[in-house]
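Each remark here refers to the structure printed beneath this line.
The values are calculated or read from the model by the stated rules, or taken from the named source; none is laboratory data. Nothing here was measured: the structure is a model prediction, and the numbers come from that model. Note that we place each Cβ from the backbone using ideal geometry, even for glycine, and neighbour counts take in every protein chain shown.
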Amino acid sequence: MKSPLNRPPLTSLLTLLAALALPCASAHAVDAEAAEKVTKDNKCTKCHAVDRKKDGPAYRDTAAKYRGDPEAEAKVTHHVTAGDMVKFPDGHQERHKKLKAEDTAEVKNLVGWILSQPGGTK
């Protein structure tokens, strides 16, 4: 029997990559249908869309902005739940609407869905 140290480098690398990918796949699994329902129920679509800027940024642009940021989930969660001031294209400011969600899992799913959007519109 060969020792793991005697494996060809490519086999060891592929094994390592497969092992690392398993936790990532489950961590990023989102229920898109549920997230879209939350956006509609909370009237997020009044100011946001997936693929185009409205009064607020497109979800794809938000995902692109935070891609690679280890604090992305916490930052977006804070934004949708805290009611901080936001600036609109015409220059006026108002408080961002606080997300009304059943539980933290619903918020986490929505934030994961936003951050999973591909690309950006810019």
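Identify all residues within the range 69-121 that are over 22 Å from Asp51 (Cβ atoms) and of a type in the set (Gly, Ala, Ser); write none if there are none.
Residues satisfying the conditions are Ala74, Ala82, Gly83, Gly91, Ala101, Ala105.
Six or more apart or on different chains, Cβ atoms under 8 Å: show the pairs whose first residue is in the range 101-122 and over 9 Å from Ala35 (Cβ atoms) and at pLDDT below 95 and whose second is part of a helix (DSSP H, G or I) and among the acidic types (Asp, Glu).
The qualifying pairs are Gly120/Asp61; Thr121/Asp61; Lys122/Asp61.
Output the number of residues of the range 33-49 satisfying the condition of being under 12 Å from the mean Cα position of the chain (by Cα) and over 12 Å from Lys108 (Cα atoms).
Filtering the range 33-49 down to residues under 12 Å from the mean Cα position of the chain (by Cα) leaves 35.
When the remaining residues are screened for being over 12 Å from Lys108 (Cα atoms), the result is none.
Residues flagged as under 12 Å from the mean Cα position of the chain (by Cα) and over 12 Å from Lys108 (Cα atoms) within the range 33-49 amount to 0.
Residues of the range 62-82 being loosely packed, with under 14 Cβ neighbours inside 10 Å, under 19 Å from Thr45 (Cα atoms) and not hydrophobic (A, V, I, L, M, F, W, C), which ones?
Of the range 62-82, the ones loosely packed, with under 14 Cβ neighbours inside 10 Å are 67-71, 74, 78, 82.
Checking which are under 19 Å from Thr45 (Cα atoms) leaves us with 78, 82.
Once the filter is applied, which keeps residues that are loosely packed, with under 14 Cβ neighbours inside 10 Å, under 19 Å from Thr45 (Cα atoms) and not hydrophobic (A, V, I, L, M, F, W, C), the range 62-82 yields only His78.
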